[in-house]
Every structure is written in structure tokens, then in C-alpha cells.
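The values are calculated or read from the model by the stated rules, or taken from the named source; none is laboratory data. None of these values were measured; they are calculated from a predicted model. Neighbour counts are summed over all protein chains in view; Cβ atoms, including those assigned to glycine, are modelled from backbone coordinates with ideal geometry.
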Amino acid sequence: MWKTRITELLGIKYPIILGAMAYISESQLVASICHEGGTGVIASGGFSVDEVQRYIHEVRDMCGKQAVFGVNLMLQSPNKDDIAQLVCDEKVPFVTIGAGNASSYINPLHQAGIHALAIVPTVKLAERVQERGADAVIIEGMEAGGHIGKLTTMTLVRQVAAAVSIPVIAAGGIADGEGVAAGFMLGAEAVQVGTRFVVAKESNAHPKYKEKILKARDIDTTISAQHFGHAVRAIKNQLTRDFEQAEKDAFKQENPDLEIFEQMGAGALAKAVVHGDVEGGSVMAGQIAGLVSKEETVEEILKDLYYGAAKKIQEEASRWAGVVRND
Ligand code: TUI
């Protein structure tokens, strides 16, 4: 096993992180990934303090007191400050902070001995959180599922890695060894993966949600609420068509009612993930869903990502060996 600043910082074997996905990145999936040598992030968006605390305790019950896992602080959540207090009290090993400016949360987390990893959509915010002491930045390209920024993984990871000195974690569009290798080539020191883990055997996503991902093609996701709310990528269905119509209508009005665009969040996700309503609910998934075609165990997925990347990098290294610029 080779090391990166992220495997060293967190004390993990594989430089692979399960991204926080509400109702999916719960105790069982997070604990399975930690158990196999990666790490996972409990999603807190849409959950009460008591629920998140229960997930933290369940992961520790399953993996032991020394388990390395994180909690995501979703800054669009009304109870974000209560969750921040909870993670400090619980002294979780690390926190990822997303969907808003992480700057003011970094110091309090450090005071509690917690690593602070900020999800940033621009170079400017990456530089800002570095100044404020963030331990690493997570770059989620707009290929990712769920709430997204405007830039792609390819362009944002590269530009942020060139601009900051803290370690970078690449996310968005990564679902196999080649994708992991690409993240490293761009300058990342770990990757965060979501969509591929949704279909893991240990994932409690509804079978119909998993089936939507397994059957998706490259062109089957779309972005909703891009102009009036929080842009969210999900697999096309009745809900995304309704949003498209609502956006068209809103464009025509002088004072559009923006309430509907706020409903694309956690509530619509629960409908699909928990209840299997994959037409009326939000089937959040990344553009890479087209590559995800098998339900496998967490162990199989982690090994495929890690050893697949090693194989790809070694193949390319031998192809490029001896190519040296001499002029
Ligand atoms: O947060 C995510 N992905 C999500 S959250 C979610 S549930 C939801 N609930 C309510 C509204 C919308 C979604 C589903 N998927 N990823 C991390 C992420 N962070 N994506 C984009 C950002 C981000 C955006 C702006 C991070 C920082 C930021 O800063 C703006 C500023 O204030 O400077």
C-alpha cells in the first residue's frame, strides 16, 4: 500500500472515500467501507441531531471506537449549527463541509480535534478555505449526482490542485479504476465516490433506485432547479420533467414562485431512496451511472477501484517510460 497525504491524515488504507448521500450513506454502508480499509461519510442533511448521533454510535458499535469515518455538514440544512456542535461533542475523526462556504466552521472543528475537509466549487473558495486552515479540499465536478457546482471534475480538480498546497480529493464522475487513476493524474491524493456505492450489496437504497442506476445510460441524468434553486443532478423521470416545465414557466413570469425549487432537496430524495418512488422522487446519481452495471459487495467495489487504478497507472507508466524531452 502506498501513501498519500490523505491516507496519512485520516489513517486509512485505500485513498477512497464514500461520499455523503442522504438516506444511503448511513451506518451500514459507512461501516462496511471503513471495515474494508476505505472511509465513509455519514450524510446529515435532512436528519435530526438525534438521528445523526445514532448513526455515529452505530458505526462505532460496528467498527470499534477507533473507526475512521466522517460526517458531512450540509450548509443548506436548517440545523447545521446543531449538527456542528454534535460532531464536536462526539469528536468524529473528520467532517466534510459542503453546499456553502465552509470557512467559519474550520476553526471550531479543529478546536475539537476534528479534521475539516471543505467541498469547494471554485478555485477562489479553495484558496479561501486553505487560508482558514482547511486540512484538504474536496472537488466535486458537475458530473456528480445531487447538488452540484458549475465546473467539471477535469477542469476544477486540475485548477485547484495547481492553486493550493493542501491535499485535493477528486469527486464527480469516478466509478472505476480508470476514473480513480484520472483523479490522481489531475493532482488528487484521494477520490470520493458516490454513485457506484449506491448499488453496493450493503447499501440500503431501495431496489428500484438501484435498478435505475444499473440501467442508466450516459445521457440519462439531467440538472434541475439550475436557474432558480440549488442545481441538482438526478436521473430523468417524471419529477425532473415537472421541474423542467416549472423552470420554463418561471422564466416567463416576472415574479415566479420559487418555493417549488426548494422541494428538490432531501424530501424528494427520501421518496425515491426509502420508498422506491423513482418517478415522483429524486433519483440523484452522477453522469457516470452509465458505467455502473453490477451490484457488488463493498469489498469487491473497493478492490476494483484501487487495484484497477494501480493496473491502469502501471500500464500507462510502462507505455510512457523512456519518453523524455531532450531539447
Ligand atoms: O452537497 C452536496 N450534494 C448534495 S446536498 C443534497 S440535498 C439538498 N438539499 C437541499 C438543497 C439542495 C440539495 C444533495 N446533494 N455536494 C457538495 C457541494 N457543495 N456541491 C456544491 C457545493 C458547494 C456550493 C457552493 C460548496 C460551496 C459553495 O459555496 C458557495 C459560497 O457560499 O461561497
Residue, farthest from the ligand (Cβ to nearest atom), within the stretch 219-230, restricted to residues that are of a type outside the set (A, V, I, L, M, F, W, C) and under 17 Å from the mean Cα position of the chain (by Cα)
Thr221
Test result for Ile166, within 15 Å of the chain's Cα centre (by Cα), in a loop (DSSP other than H, G, I, E, B) and among the β-branched types (Val, Ile, Thr):
no
Filter the stretch 93-114 for residues that are within 20 Å of Ala67 (Cα to Cα) and touching a residue at least 40 places away in the same chain (Cβ under 8 Å); which is farthest from the ligand (Cβ to nearest atom)?
Pro93
Residue match in the stretch 127-136 (condition: within 11 Å of the ligand (Cβ to nearest atom) and in a strand (DSSP E or B))
no
Given the conditions (1) away from the ligand (no atom under 13 Å from the Cβ); (2) out of contact with any strand residue (DSSP E or B) (no Cβ under 9 Å at 6 or more places or on another chain); (3) of a type outside the set (Asp, Glu), every one holds for Thr122 apart from (1)
Pull up the stretch 21-65, narrow it to residues that are among the β-branched types (Val, Ile, Thr) and away from the ligand (no atom under 13 Å from the Cβ), then point me to the one that is nearest to Leu9 (Cα to Cα).
Thr39
Of all residues in the stretch 295-327, which are farther than 24 Å from Ala43 by Cα and outside any helix (DSSP H, G or I)?
Ala321, Gly322, Val323, Val324, Arg325, Asn326, Asp327
In the list Ala175, Ala181, which residue meets the criterion of being in contact with a helix residue (DSSP H, G or I) (Cβ under 7 Å, 6 or more places away or on another chain) and not in a helix (DSSP H, G or I)?
Ala175
Selection over the stretch 21-46 where residues are more than 13 Å from Val191 (Cα to Cα) and in a loop (DSSP other than H, G, I, E, B) yields a count of 11
Out of Lys212, Lys201, Lys248, which single residue is modelled with pLDDT of 95 or more and part of a helix (DSSP H, G or I)?
Lys212
Filtered residue count, the stretch 52-82, keeping only those that are over 21 Å from Ile119 (Cβ atoms) and more than 20 Å from the chain's Cα centre (by Cα):
11
Residue identified as more than 13 Å from the ligand (Cβ to nearest atom) and part of a helix (DSSP H, G or I) among Val87, Val68:
Val87
Could you list, in sequence order, all residues of the stretch 231-247 that are within 22 Å of the chain's Cα centre (by Cα) and crowded, with 20+ Cβ neighbours inside 10 Å?
Val232, Arg233, Ala234, Ile235, Thr240
Just checking, which of Leu151, Leu117, Leu73 is within 16 Å of the ligand (Cβ to nearest atom), assigned to a loop (DSSP other than H, G, I, E, B), in contact with a Gly (Cβ under 8 Å, 6 or more places away or on another chain) and hydrophobic (A, V, I, L, M, F, W, C)?
Leu151
Is it fair to say Asp176 is under 29 Å from Lys294 (Cβ atoms), more than 14 Å from the ligand (Cβ to nearest atom) and modelled with pLDDT of 95 or more?
yes
Return yes or no: is Ala171 aliphatic (A, V, I, L, M), under 22 Å from Glu300 (Cβ atoms) and modelled with pLDDT of 95 or more?
yes
